[in-house]
Structure formats: C-alpha cells, structure tokens
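Asks: Here it is, the structure in full.
Values quoted throughout were computed directly from the atomic coordinates according to the rules given, and no laboratory measurement underlies them. The structure displayed is predicted, hence computed values, not measured ones. Glycine gets a Cβ as well: all are built from the backbone with ideal geometry, and neighbour counts include every protein chain shown.
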Amino acid sequence: MLKRLNDSPVANSGAITEKCSRLCLRMIWLCVAVVLTLLVPAIAFATDQPQPPNSVEELWADFDPRQDALDASVVREWEKDGIVYRSIVYHIGTFHNKPARMAAFFGFPKGATHLPGLLHLHGGGQRAFLHQIEFYAKQGYACLTINWGGREMENAMPGDPNTDWGAVDPTQTNVPGYFNLKPGPNSLDPFESPRNNNWYLLTVAARRGLTFLEQQPEVDAGRLGVYGDSMGGCLTTYVAGTDRRTKAAAPSVGGSGFRTKQWPLLPQQAAIETPTGAVDLFDATIGLESYAPLIEAPLLWLGATNDFHGIIDDTYRTGALIPHHNIRYAFTPHLNHRFTPEFAVTRPLWFDQHLKGAFTFPTTPATHLLLATEDRVPRLQVVPDASQPVADVRVYYSVDPDPRARFWRSATVERVGDSWTASLPVLTTEQPLFAFANVVYTMTSRESEPYAHPTDHFSLSSLLHTVSPAELQRAGIKATDTPSALIDDFAHGYRDWYQLSTDNPHHWEYSTRKLTDPKWQGEASQRLTLELRAEKPNALIVILTENLFRPYRGQTREFVAVAQLHGGGQWQSVALTPEAFQTLDGQRLSSWKNIDLLTLRAYYESGETLLGTKNWVGTQPEFRRLWWQEGDR
C-alpha cells in the first residue's frame, strides 16, 4: 500500500501545495495505523504461548498444600522403648491423571499429645530414617521422615507400598531434572517452566508432609519445624521459603543459592550448575537465593568450611538475603559434608528454643575486621554474646579464593576484657582474605544429636568477612608473613587437620589441607618429612591429592606412598621425595605445587588394590613433627 501511494501521479505532482502534502502524509499514516491495528490481534494470536511463572511467588500462588485429601494410611505400627512408630503413605498429588504417593515413617512418645512436630528431609542417595524418629521422640517431639528418593524403606516387608511418583520422577534416577526447565516425557508443563524441575515436585511432597503433621492428634500444628542434610538441606530452604507453617528451620550442608553464578574472586571456576533452559528463569524460580527473602522462620545453618555442596561463601550470601536476620551459623572447620559434635548439637538446641522454649541461643558473635591498623596487619576482633559461659574463641582465616579447597589457618587469639583479637598476617596482597570466628560455649549438661557423640559444648560461627586484593591494597596492608618449612609440630594436636574414625583401630584417617596454603608449600629441592613413632611394625600410607575440587587447574589425582614403620615405640623420621608418590597406574608425582590434601592412613584401597592393611597392629602412630627437609632427591 505504501509503495502504491508513493508511485501515484498525485504523490509525484509538483503542483501540490505544502498544505496538501501534509494532508496526504496524514492520510498515509492513518492507513498504516489502520492496517497495523488490524494485524496486531492476528499476530498476537499466532504467537501466544502459555507463560511460565516468573518468580517464586508466581510459582506457588496456585498451590494449596491442604486442598487435596491426604488419604493417609498406616502400613504398620509398632512400639519400642516407649515410642510409637508408624510406617505410612500419603497422597502427594495427581500428575497427568496419575496419583503420586509418599512413603514415610512417623513416630512420637507413646501417650503424648500437643507435641512440636518435625519434618525430616533425607539427603541424596538416602532414605527415611527411623533413627531420626527415635532421637527426636526421646527429646519430646513427633517426627515425620519422608522417603522422597524412593529407596526401599527400613525393615520393609514383602508387599509394603513405597513411594510411587506415578507419571513424574523427581528422584535421583532423573538427575538432570534438578537442573531442568524444559518440557519432556515426565514434565508437568509442555513448555519451559519451573514446574518441570525436580525441586518443585519434591517441595510439593514436603509441604504435604507438613499437612500430614498438622493433622495428627499428637502434634501441635502451630509448632512445626523442618530440617535436612545435603539435598535435604536444599529442600528445607525451599519449604521454609514457601510455607508459613514452618516455625523453625535447620538446613545443613545444603540449601544455599547462587549455584549458577561464578564466585567473584575465582573467575576461572565455572558455575556449579548450568541449567537446561533460561538461567534467569531458573534463578528467579528455582534458585535458592530467590527463596531466602521469603523465609520468615528462624533459621540455623549447619555446615562445614570445606563442603562441596553447602558452600560456605554462598551460604553466607544466601543468609544475608533473609530479612528477619534471626539466623545462626555453625561451621565445623576443615571438614567436608560432616560435623563434629559441638556443631551438630546446635540443631536440636535450635528446635528446643523455637518450638519448645527450652533453650536460648546467644546472638551471632560480633566481629570486626580491622584493616586500618598501626602496623598495617589485618586483625579480626571478636565480641561474643556472654549470656552463656564462653569456653573458647577461635579465629580462622584463609587466602584461598576457592571455598571448597581452601585451608583455614588458626590465628593466635588474645583476650582483653570482653574482646578477643587475632592478627591475620599475609604473604602477599595479591590474594584475597577470608576470616571468621567460632565461639565455643559450655552447657550445663551433655547433649547429643542423632549421629553425634554427646558433648557439653556447642559452637556458633560469626559472619564471614571477605576482602579482595584491591581492598587490601587500598587499605595499605603490608605483606609481613613469611613461608615456613615447619608444617606442623603438633603442639596444638590436630587443630589444622580433620580426623575420621579415630576410635577405630584400623580405619582411622588424619588429613590436612595445609600444603595448599602458600605459606606451607614445598620447594622442588625439599623432601616431605614426618617424625613419628609406632608401637608395632606397620606400613603407614601417605596420600597426596592433587587438584582437589579444582577442575580449572587440572585432573584430580591421588598419589600414594608407603612408609615402613619400625615399631618399638622409638621415634623415627620418614623422608619422602615426589617420586616416592605414585598413582595406581604408575604415574609419579612431579611436583609439590598442586597438592591440596595430605592424608595419613593405615591402608589405601581402590578396586582390587590394597596398600597397607586393614588390620593395623598396636595403637595408632603418634606424630611429633611434619616439615620440608632440604636434601638430595
């Protein structure tokens, strides 16, 4: 139409006045407007597609966890030591006209009513745990532990019903579903949507678990708590962010967000997760950082400083988004995906406070990272809440930007009045600085946790301080630290190590990340030397792990050396060159440079290969010194 108008004799006549020209142009644009008006509805109709929820609020706006009947049934009931146990199943929902059913265990102290209720969410590869019910029932709770992963239930009998997801599958047999938004054979929506994600379905099931709890005559519906480890920690955050019935939450080694984002100080590390679908949509609807601002329940984050899943830096970043700030952190130093008793015990104490009113937590330790110091050495000042007896204050710092692999140095702490201060010397201002404190409190009685030994102490962590190299340089921080050939003299025991199975005479393990810290890295001309003694002759296994949690630096490999111990209780030195360490396929260690973990064990087993022995003779070895020794290789 436009072309025909412009080619007409009228449009090209020079006799037309300026006024007529303006009139003609107005007619042309009027025609265009009419045409576009007619076209727009047709265009919109042709391209109109269902729109996915674009926020957490939109995703959950039309879900009512109480709407459908639970249709719960008891598979079996029994009693033991004053606790009533029930194996039950309940209706999750109907997806593509097929019902989904959840199997679970429910338990409570016999004869008790009006109890606070706990929902336990197991981790990946695990299942509902009767031990969780046993522990918390003895503490005066009713507990429901759901079997969301579908593994065979404990003490199952032939013919017992188990979890049946029907037309969908959010279990770990569908691992890609945890990072997916795209439609597929088992998805809910035929278009890209967060409802196609496993976490959505699992959260639906968990929230239905809260509905089960609030309907039980043994439970006070106004006092419900949620907790879980690892993937169960993620589910805990999802539930706490979507269900106001949650009155206390305690995720552990999981539940933090920002998994699709790179760490700002480690650009060479790719994001932990790369979702299938639009990343922005994933973050806004499935990313745990989008659930944190909606959490109203008091929340305890239980973790480990070197956890591969509940990453410490991201946990603090996520926690900062929770608006009420009624949060506590408890991070066990040096460990990955586990805790020591003084940290594990914080979870039952958290529920005791917020669901029973039987305990009062101190506030998060107040800390101040001081850069404008007289000697230009950073300092961390700690002022703990002294409402309960303070047994110890421990300050940790690191210069490693990788939170999974970093070694946390133990700083020397000095007390002046109600304040504890530690200097944090650095080797260079070209690396970042991370620092936090743990405050250890004394309890009046020994307490426990389902899988931890009883303890009369509990520990709380401060907030995490992070300083970039640019900030250190702007503050005029001086590099005053120096490298050390002495790695450890064990004057502080195993403070810089983590220990596993130390009460087992054959399967014990001692590990440290100290060799990854530039202060204690070995030189090419040096030998790794141990001074130790053993009661009986044995073979000590020394393992060096290269590039642990550092895929950006190379392949993770374990190099193993075998050291023969003389026994007789006499001190001996064992000096090892890089060539003494090799992988099982015969590759020898070429350098100390990329070592991230040193481990001492009684044996090393991989496939059919066994080095050392599973029958260690005598008591465990005693270590007195570990250092880099100069000498010929």
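Asks: Tell me, what is the FRET efficiency for THR613 and GLN51 to the nearest 0.05, using R0 = 45 angstrom and their Cβ-Cβ distance as r?
Replies: Details: r = 64 Å, r/R0 = 1.41.
It comes out at approximately 0.10.
Asks: Which residue, chosen from THR373, ALA411, GLN431, occupies the Cα position most advanced towards the positive end of the dipole of the stretch 366-474, where the dipole is computed from +1 (Lys, Arg) and -1 (Asp, Glu) charges on Cβ about the Cα centre?
Replies: GLN431
Asks: Something else now. Could you sort the peptides 71-84, 368-381, 539-552 by per-residue average Cβ neighbour count (10 Å cutoff), highest mean leading? Numbers along the way, then the final one.
Replies: Details: 71-84: 13.4, 368-381: 15.5, 539-552: 18.7.
So the peptides 71-84, 368-381, 539-552, ranked by packing, come out 539-552, 368-381, 71-84.
Asks: Among ALA534, TRP616, LEU500, whose Cα projects farthest towards the positive end of the dipole of the stretch 486-630, with charges put on the beta-carbon of Lys, Arg (+1) and Asp, Glu (-1)?
Replies: It is LEU500.
Asks: Also, I was wondering about something else. Assigning unit charges at the beta carbon (Lys, Arg +1; Asp, Glu -1) and nothing else, what dipole magnitude in debye, to the nearest 20, does the chain show about its Cα centre? Mind showing how you got there, number by number?
Replies: Numbers: 57 positive and 68 negative charges, 180 e Å.
Charge dipole, the chain, about its Cα centre: 860 debye, nearest 20.
Asks: Which entry is the computed Cα Rg over 2.2 N^0.38 Å for this structure: (i) 1.20; (ii) 1.07; (iii) 0.95?
Replies: (i)
Asks: Rounded if a/c is under 1.5, else prolate if a/b beats b/c, else oblate: with a ≥ b ≥ c from the C-alpha gyration tensor eigenvalues square-rooted, which is the stretch 47-94? Write out the running numbers ahead of the final one.
Replies: On the way: a/c = 4.74, a/b = 3.22, b/c = 1.47.
Prolate, since a/c reaches 1.5 and a/b exceeds b/c.
Asks: Shifting gears a bit: Quote the charge dipole size of the stretch 486-630 about the Cα centre in Debye, to the nearest 20; the model charges only the Cβ of Lys and Arg (+1) and of Asp and Glu (-1). Show your work: numbers first, answer last.
Replies: Numbers: 16 positive and 18 negative charges, 35 e Å.
Dipole about the Cα centre, nearest 20: 160 debye.
Asks: Nearest 10 degrees is fine. How inclined is helix 231-242 to the longest principal axis of the chain, computing both from alpha carbons?
Replies: On a 0 to 90 degree scale, this one is about 40.
Asks: Now for a separate question. Using amide H atoms built in the peptide plane, which far-off residues or other-chain residues are under 5 Å from VAL219 H to H?
Replies: Correct list: HIS114, LEU115.
Asks: Taking a cut-off of 15 Å between Cα atoms, list the aspartates and glutamates near LYS261, but don't count ones fewer than 8 places away on the same chain.
Replies: Answer for LYS261, where 15 Å is the Cα cut-off: GLU273, ASP280, ASP283, GLU289, ASP313, ASP314, ASP402, listed by chain and number.
Asks: Mind ranking 517-530, 130-143 by how tightly packed they are, going by the mean number of other C-beta atoms within 10 angstrom, highest first? Present the calculation step by step, with values, prior to reporting the outcome.
Replies: Details: 517-530: 17.9, 130-143: 21.1.
Peptide ranking by packing, descending: 130-143, 517-530.
Asks: Here's a follow-up. Pull up the cross-link candidates among the lysines for LYS80, meaning alpha carbon to alpha carbon under 18 Å and not fewer than 8 places away within one chain.
Replies: LYS110, LYS138
Asks: So, one more: What is the magnitude of the charge dipole of the stretch 276-365 about its Cα centre, with +1 placed on the Cβ of each Lys and Arg, -1 on the Cβ of each Asp and Glu, and no other charges, expressed in debye to the nearest 20? Working shown, then result.
Replies: Numbers: 5 positive and 9 negative charges, 74 e Å.
That gives the stretch 276-365 a dipole magnitude of about 360 debye.
Asks: Something else now. Sorted by average packing, counted as other Cβ atoms within 10 angstrom per residue and highest first, what order do 404-410, 577-583, 619-625 take?
Replies: Working: 404-410: 21.1, 577-583: 17.6, 619-625: 16.0.
Final packing ranking: 404-410, 577-583, 619-625.
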